[in-house]
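Here the structure is laid out as structure tokens; the discussion comes afterwards.
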Amino acid sequence: MLGVRFAIAIVLIASLCVASRLAAGAPVQPMVSAAGASVGLPLQDVASPPVPPIPSAAPPPYTIKGSVAEMDARLVVCDPNAPPVSGAGVTGIFAPESPPSREIRDLSYLVFAICIVIFVVVQGFLVVAIVRGIRARRLANRSENDSSPEPVQIYGSIPIEIAWTVIPSIIVFVLTMVTIRTLRDIDITTPPENSMEVVAIGHQWWWEFRYPGPDGEVVTANEMHVPVGRPIWLRLESADVIHSFWVPRLAGKMDLIPGHTNYTWFSADRKGIFLGQCAEYCGTQHAHMLIRVYADEPADFETWLDEQRKPAVVDASVDAGRRVFAEYACLNCHTIDGLSDGMFGPNLTHLASRNTIGSGFIPLDRDNLRAWIDDPNQLKPGCNMPSLKLDPPELDAVTDYLMTLH
Amino acid sequence: MQWAISVDHKKLAMMYIGAGLIFFLVAGIEAAFMRLQLAQAGNEIVDPETFNQLFTMHGTTMVFLVGMPILLGFGNYLIPLMVGARDMAFPRLNAFGFWLFIFGGLLLYFSYVGADGLYGAGTAPDVGWFAYAPLTSRTFSRGNSTDYWILGILVSGFGSMTTAINFIATILCMRCPGMKLMRMPMIAWMMLVVAFLVLVAIPILTAAQSMLLFDRTLGAHFFDPETQGSAILWQHLFWFFGHPEVYILILPAFGFVSEIMPTFSRKVIFGYPLMVAATVGIGFISLGVWAHHMFVVGLGPVLDSFFGATTFLISIPTGIKIFNWLGTMWGGRLQFTTPMLFVTGFVAMFVIGGLTGIMLATVPMDWQLSDSYFVVGHFHYVLFGGTVFGIFGALFYWFPKATGRLLNERLGKWTFWLLFIGFTLTFMPMHVSGALGMPRRIYTYEADRGFEIWNLISSIGVPVQMAGVAIFLWNVGRSLRRGEVAGDDPWDAWTLEWSTSSPPPEWNFDRIPTCTSARPLWDRKHPEDPDAHYE
């Protein structure tokens, strides 16, 4: 009896420990410059104390204005041919919009069909065995006296056992062959014909996209633009830990591994926004490392690329904000072409041309951006960007400046 | 006190199982918190840091502190009794292994109790149960939590190795007169293969964890890509342990099914020699499939194809087992006691887990489904629908032998149906949310992607399962005091443990039994038609 009481005590203590940690709100430690060290940046916040708890008089925590799904619905509403951007299936594997994901879907149907047949056969035998077994038990119970006390003992049957070894072997052979056939088509080690190379670099917890080209490299973050119909040969690298690039409607996932370059490819069939997210656990904010792929008409894509290649807008009316950006630590981590060259955070040269911040989960508008700069941790707890404790006027100025960076 | 100093295999086994059940409750509570958080999109019941600790501790606990000790505990209890020996070959080594496991488990959990910044204690580990490099490096995992993870598992791993040595020595050297290898109960075969797998796999993990510890504390560079180390090396080492580990967790449950199903079908196991061959085959093949956990690492088409093929291959011996169990049931007179319900549920659920496994072995499908909730659904069908159902079946089946009292059948059936329904509610929808694109290990998910309803159903299943477990605990407490007295052989079974008293004396058998076939008690009960005639 003692054992049972002891067990209950342990469980209670364990749940109390969990509950107390939850109640304490387990302060989130800033992890700034964890990876900064590896790219040779000055260490910013190593010695600073953890984010202080919010004083009781503080305003209620900021809630994000609007939602990305609503915004996406507005973005595509003008194009009746675009695939849906919200609802079940927008990140599903059964709505492919690109050759590799379509091949996988077709193979999946075949494998599903085989598995369903096996399922029905095996569970069918199980059900029949159960029904017959229960009936045999009832019969035996009823006529206890005139039947033998145990059923017939069957030790095995060589032909039957050969059959249920050989048949699965044949199925396995078929599955192996169809797998290898599909792999030959999509698990390729050289770029497809007429493809465009794009580099994706995973960071804790955002995506960097680089478009190499003879006219200079275009660098953007979290929102990737591609031309419709042209194969994209995506080079996958990581700046810190392992991430995984997964946009289910375009291609299967592939890991981004530090020290090991991977490639994957896709080719969007039609114009639209394709959503995905990091699929390999990469730390605190793994959940908010979303990917947005915009498939544009080739001409639109070229226009976008030209726009992104330009240096940042310099607008005299927001000069105050520009000064704030340059005087505070912002420039250590963020690049704004012509102003700073920080590498640790997303490139902000054309921030306002994007639809989202925070790696795809916050719609970009002035209020959201201001709250983000004020304290990113209230929107994305544990993220690597620190609060710089700007005064409200500075905050407004720098927000206004960033909102001009089209 | 007589328990703490005991080297009796039965007492150690019961402590193994008891401790495993306590950790089962703790890890279950961790899972319940996760399901609470994921019941709706954008919940803020736990913060991201805590959520990451919850899934890390849940996985680590369930694999190393629940699955392994309970299964090794059953091996400990049953092997000497079933092969007709007085104790394990090395009783003191056996006790040593048990206390290492306890120490390792407590060390791991001490990280949870310790507060931030308290000297020597970190927060709970938050690197996931397979702890991929370089997330575990000093740079990305500060503090001591990952060191606790390493040391806790390292220590309990040594315990598992000593137990495995004991199993092998006992099974090979201490069988009673007449018990040839091919007359051993199926469970002894399973445990023998498991013991060999433990001896092959766990040292690899121990080595990898030592290397990681060197990286973290002595400035080595095994897994640090910045200094020409390899992040992929960790995955190879971990999964070279990790895949055999899956079979370490499922083979003993196969053994439970292979003992319980014949008893309640009133038939001999169908195709004993093929069953043995399939078990040994699984043991060998399971050492050659590890990279199917790494299809998204970019190993290239040749390795992808190879490991896809070997993974398909392992479904053949596994399928043979399922067919042999069906063959055992076929034409039997089935008696649906609680243990039989659980092992029948095992077969039905394991088939589903096996089939989703085939889907994941299809490399291109794995590229879509890997690291999604589909995988979470898959391995819970194998390890919950499989291993845990097997364990519950075994608990109901051998409880009367260990305590002398039967568990209550009515409460047992409630436990089964609640667990079965709760399990299906929780884990079946995960296949859907995974196919809809929901990655695993995210503390919250975006609304409007169709994940909400499936996550809500998953969460609703949790209280149903908890009710089943609560009834089980009540049943145990009640039956220990007031349960029906079992007698030596309550199930009219055929293996040697039922020939001694319940509970057995410390020396197990007054006289070492002799064995004439794979079912020695059948031969005694049916002298007119003994099994020996059919060998």
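The values are calculated or read from the model by the stated rules, or taken from the named source; none is laboratory data. This one's a predicted model, so the numbers in the text were calculated from it and none came from an experiment. Here the Cβ positions follow ideal geometry from the backbone for every residue, glycine too, while neighbour counts run over all protein chains shown. Calculation scope for accessible area: heavy atoms of the full protein, side chains included, ligands and nucleic acids excluded. Shrake-Rupley method; radii C 1.70, N 1.55, O 1.52, S 1.80 Å.
The table for this structure:
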{"item": "Inter-site label distance for B:Ala41 and A:Ile130 at 7 Å from Cα along Cβ, in nm", "result": "3.7"}
{"item": "Length released on extending from A:Ala352 to A:Arg181, taking residue separation times 0.36 nm less the Cα-Cα span", "result": "57.1 nm"}
{"item": "Convex hull of Cα atoms in the stretch A:198-250, direction-averaged projection (nm²)", "result": "4.1"}
{"item": "Simple spin-label estimate for B:Asp488 and A:Phe94 in nanometres, 7 Å along Cα-Cβ", "result": "5.8"}
{"item": "Projected area, mean over directions - the stretch A:99-186, Cα convex hull, nm²", "result": "7.7"}
{"item": "Per residue accessible area of chain B, 1.4 Å probe, in Å²", "result": "31"}
{"item": "Label-point separation, A:Thr303 to B:Ala207 (7 Å along Cα→Cβ), nm", "result": "6.0"}
{"item": "Of B:Met186, B:Leu360, B:Pro48, farthest towards positive along the dipole that unit charges on Lys, Arg, Asp, Glu beta carbons give chain B", "result": "B:Met186"}
{"item": "Estimated 222 nm signal from helices in the protein assembly as shown, with DSSP H stretches of n ≥ 4 weighted -39500 (n - 2.57), rounded to 500", "result": "-18000 deg cm²/dmol"}
{"item": "Dipole axis of the protein assembly as shown (+1 Lys, Arg; -1 Asp, Glu on Cβ), positive-most option in A:Thr404, B:Phe389, B:Tyr534", "result": "B:Tyr534"}
{"item": "Interface burial for A against B (accessible surface, 1.4 Å probe, total of both chains, Å², rounded to 100)", "result": "9600"}
{"item": "Debye intensity ratio I(q)/I(0), log10, chain B, q values 0.11, 0.12, 0.13 Å⁻¹ (C-alpha model)", "result": "-0.98, -1.17, -1.38"}
{"item": "Residue-span extension gain [A:Asp341 to A:Ser317] - 0.36 nm each, minus C-alpha spacing", "result": "6.3 nm"}
{"item": "FRET E, pair B:Arg92, A:Ser169, Förster distance 45 Å, beta-carbon r, rounded to 0.05", "result": "0.45"}
{"item": "Whole-number percent relative contact order across the stretch A:287-356, with pairs defined as alpha carbons under 8 Å at least 6 apart", "result": "20"}
{"item": "By accessible area with a 1.4 Å probe, ligands and nucleic acids excluded, highest first: order of B:Lys525, B:Lys267", "result": "B:Lys525, B:Lys267"}
{"item": "For the stretch B:1-133, convex hull of alpha carbons as volume per residue, Å³", "result": "144"}
{"item": "Over 21 Å between alpha carbons, listed pairs B:Lys401/B:Lys525; A:Lys65/A:Lys380; B:Lys267/B:Lys321; B:Lys11/B:Lys180", "result": "B:Lys11/B:Lys180"}
{"item": "Stokes-Einstein D for the stretch B:227-354, Kirkwood Rh over Cα pairs, 37 °C, 0.692 mPa s (µm²/s)", "result": "202"}
{"item": "Residues in the stretch A:191-235 that a label on A:Tyr263 would reach, taking backbone N under 12 Å of a point 7 Å out along Cα→Cβ", "result": "A:191-198, A:232-235"}
{"item": "Sites B:Leu172 and B:Ile512 - FRET efficiency at Förster radius 25 Å, r taken between beta-carbons, to 0.05", "result": "0.90"}
{"item": "Against the rule of thumb 2.2 N^0.38 Å, how large the Cα Rg of the stretch A:196-309 comes out", "result": "1.00"}
{"item": "From phi via Karplus (6.51, -1.76, 1.60), per-residue ³J(HN,Hα) for the stretch A:83-88 in Hz, x at Gly/Pro", "result": "x, x, 10, 9, x, 4"}
{"item": "Gap separating the Cα centres of the stretch A:251-294 and the stretch A:170-223, nearest whole Å", "result": "10"}
{"item": "Loop sites in the stretch A:291-396: chymotrypsin sites (Phe, Trp or Tyr not before Pro), DSSP, at most 16 other Cβ within 10 Å", "result": "A:Tyr328"}
{"item": "Taking all pairs of distinct alpha-carbon atoms in the protein assembly as shown, Kirkwood radius in angstrom", "result": "29.6"}
{"item": "The stretch A:316-402 - Debye-derived log10 I(q)/I(0), Cα point model, q = 0.17 Å⁻¹", "result": "-0.66"}
{"item": "Rh by Kirkwood over Cα pairs, then Stokes-Einstein D for the stretch A:60-207 at 0.692 mPa s and 37 °C, µm²/s", "result": "145"}
{"item": "Pairwise centroid distance, computed over Cα atoms, of the stretch B:395-451 with the stretch B:1-74, Å", "result": "15"}
{"item": "Kyte-Doolittle mean at least 0.5 and Cα axial length at least 15 Å: DSSP H helices in chain B", "result": "B:9-38, B:68-83, B:91-113, B:145-173, B:186-218, B:231-265, B:272-285, B:301-329, B:338-361, B:389-403, B:409-435, B:452-482"}
{"item": "Of all accessible heavy-atom area on the protein assembly as shown, the percent that carbon and sulfur account for (1.4 Å)", "result": "66"}
